[in-house]
Amino acid sequence: MNRRQFVANSVAAAAGAALVRENAHATVSRPTSNQIQGLLPAAKMPGAIPESDIGEARFPEGFFWGAAASSYQVEGAWDEDGKGESIWDKFTHTPGKVRGSVTGDVACDQYHRYPEDIALAKRLHLKSYRFSISWPRIQPTGVGAPNMKGLDHYSRLADTLLEAGIRPWCTIYHWDLPQALEDQGGWPNRDLAKYYADYAGILAKHLGDRITTWAPFNMPWAIAFMGYAAGAFPPCRTSFPDFLKAAHTLGLAQGEAHRSIKAASSRATVGSAYEMAPAYPATDSEADRAAAARYHAMNNVFFLHAAMTGRYPDAFVGEFPYRIMGFRPGDEKILYAPLDWVGFHYYTRRFVADASHSACVGGGFSGTEIESNSGCARDPYTGIRAWMPTVGPLTDSGLELWPRGIYDLVTQISREYNHPVIEITESGPGYLDAPYDQDHGRIPDTRRVQWFRQVLAELARAIKDGARVRAYHAWTLLDNFQWAQGYTERYGLIYTDFRSQKRVIKDSGYWYSRVAASGRLDV
C-alpha cells in the first residue's frame, strides 16, 4: 500500500535506527469488551453508523476473517538465500527516497520469524493470511530456472499456515519487480507479460498442491501510474505514454498468468487484489458525473473489466489511446481471463471533478490512497481531478474515515459484474498508538477499533442486501515497512518494535480476534 504524501519522499532526514534481531516476543493481557467500549470516542462522527446497527451486524458462518501483508514490507532478508535485487531494494538504498533514511532490509524479519507470526495469527482466530511472494527470491533476474531456496521458504510458509488452520492466500506480485527486468525497460516492455506468466507457472507448479487462492497483482493501476506517470514508485518515471504501455503489459500479464496458473494446478482459483475507492461527483453537473464514471473505469475496474470481457472500459476523453498502449490484433483474447472471484481493497472515498478542459496536466496525485485537488487534470487521457474529502475524521495516516464507502463500492461491483464472489483484500486504518507503560505495556488503540466497527457494520449491511462477500483481510497483521513512509505509519493488529522485533498484540487485535470467533461486532 501507498500512503499520504508518497511523492514527498525527499523530506527524509533522520538516520534510521538499526534493527536488531531477537528471539523473544511478548503479548499483553486480553482487554475486556467493556474496557474497549468504555474508551470509544463518545462524540458522533460525520457519517457514523448508529450503535444499534453495529450491535445487529452479523457475518455468515464460514466467513474468512484474515489479515494481509506483502513480501517487501515484512520479510527482510533482502539478499539472503540467492535472492536478487528488486526495484524496491534499489529505491530504498538510494539516499533521500524514504522517510528516516530506512529500508526494508530487515523490516519485520518475517523471513526468519514466520512461525512466530503465524502462531500469533492463529491466536487471533484468523482463517486467511494474504501474503505475497518476492519475484526476485524465486527468479533473481526475473527469468530462468527457479531458486529452490526461495521456493522452499514459501513451501514451509504454506505448510505452517495450513497446520494452523489458516488459508494460504497468495499475491504473486506486490510491487517488488526484479531490478534486472526494470533494466530491460520495466512494465512498459511488453516482453514482461511472458516472463511474468512463466514465473506464475513456476509458483503454481511447486506450490499449487497447497495454495489454491491466487491473485496475480496487488494494485496494478498503482504499479503503472505511480511508477511510470507520477514518478512516486520505483522506477520513478514521469511519462504518461509509459504509464499506458505499462498498464497494457499488466493487463496482458494478468491474462497470461491466469492461464499459466490454471494449467499448472487443477485446484487453483484465480482472483484479484485491486485498489478501489468509491467515486462521487464533486457536483451534480453532467460533466462531473461523467468524470466520476471515468475515474471508476480507470482506477477501479480497468483491469477487472479487461479480465471479465477482454476489453478495457472507456476511461478516456477523446480517442481511446490504443496506439500509445501498443495494442495489437488478438490482444482481446489474451486479456480475457474470467476471474473465479473478485478481490479489492477499501480505505476511503474520492470526490471527482471534470478537468477535460484544463490548461495543465500532471497535478493532483500524492499517492494511491489520497489525491490532492490541484486544479490541474491528473493526466491528459482521463481529464479528471480527484481528491479525498475531509468531512469524516482523519486517521494518523491522513485518510478520511467514511464507512458508507465500502457499502457503495461493494454493491456497485456486485451490480456491474453479475454478483461475483467478493473478497476484501485490504482494509484498515493507520494510527500510531504504542505500548502504555502505566498499563503494563497494553496498547489501547481504541480509534482503530472504532474504525473497524464502523466500516465492518457497512460491509455486513452490504452482505445482508445480497452482496456475496466471503472474506475480509485487515491491513495488516504486523506494523511493517510502509514504503516511502518508512516506519512512520502503523497499520498492524500487532505492534512491532523494529529495534528488538518484539511483537505485542494491540487491543484492536484482541477485539478483531473476538469478531473472527463470533461473526459479531458487539464483542
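Just so you know, all these numbers are worked out from the coordinates, no wet-lab data involved. Predicted model, so just to flag it, every value in this text is computed and none were measured. Positions of Cβ are generated from backbone atoms using ideal geometry, with glycine treated the same way; all protein chains shown enter the neighbour counts.
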Legend entry - Test item: Cα-centred dipole of the stretch 82-129, Lys/Arg +1 and Asp/Glu -1 on Cβ, debye: 220 debye
Inset, instruction - Quote the relative contact order of the chain in percent (integer), defining contacts as alpha-carbon pairs under 8 Å separated by 6+ residues. - result: 21 percent
Inset, instruction - Mind jotting down the three principal axis lengths of the chain based on Cα atoms? Whole angstrom, largest first. - result: 63, 56, 49
Inset, instruction - Would you kindly work out the equivalent ellipsoid of the stretch 308-439 from its C-alpha gyration tensor and give its semi-axes, the square roots of five times the eigenvalues, largest first in whole Å? - result: 32, 24, 13
Inset, instruction - Work out from phi, with θ = phi - 60° and the Karplus expression 6.51 cos²θ - 1.76 cosθ + 1.60, the ³J(HN,Hα) of each residue of the stretch 379-393, listed in order in whole Hz, and give x for Gly and Pro. - result: 8, x, 9, 8, x, 10, 10, 9, 8, 8, x, 10, 6, x, x
Legend entry - Relative counts (whole %) of C-alpha pair distances in the stretch 469-523, using bins that are 10 Å wide: 23, 45, 24, 8
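With a Förster radius of 35 Å, plug the Cβ-Cβ distance of Ala119 and Tyr436 into 1/(1 + (r/R0)^6) and report the FRET value to the nearest 0.05.
Step by step, r from the Cβ atoms, then E = 0.90.
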Legend entry - Point-to-point label distance, Glu61-Ala359, nm (Cα→Cβ direction, 7 Å offset): 6.6 nm
Inset, instruction - Using just the helices of the chain, give the 222 nm mean residue ellipticity in deg cm²/dmol: DSSP H runs with n ≥ 4 each add -39,500 (n - 2.57), and the total is spread over all residues, rounded to 500. - result: -10500 deg cm²/dmol
Inset, instruction - Take every Cα-Cα distance within the stretch 436-513, group them into 10 Å bins from 0 onward, and report for each bin the whole-number percent of pairs it holds. - result: 16, 42, 29, 11, 2
Legend entry - the stretch 334-434 - percent relative contact order, Cα under 8 Å, separation 6 or more: 33 percent
Legend entry - Ordering of 218-228, 299-309 by packing [mean C-beta count within 10 Å, highest first]: 218-228, 299-309
Inset, instruction - For a quick protection proxy, order the peptides 412-423, 202-213 by their average other-Cβ count within 10 Å, most packed first. - result: 202-213, 412-423
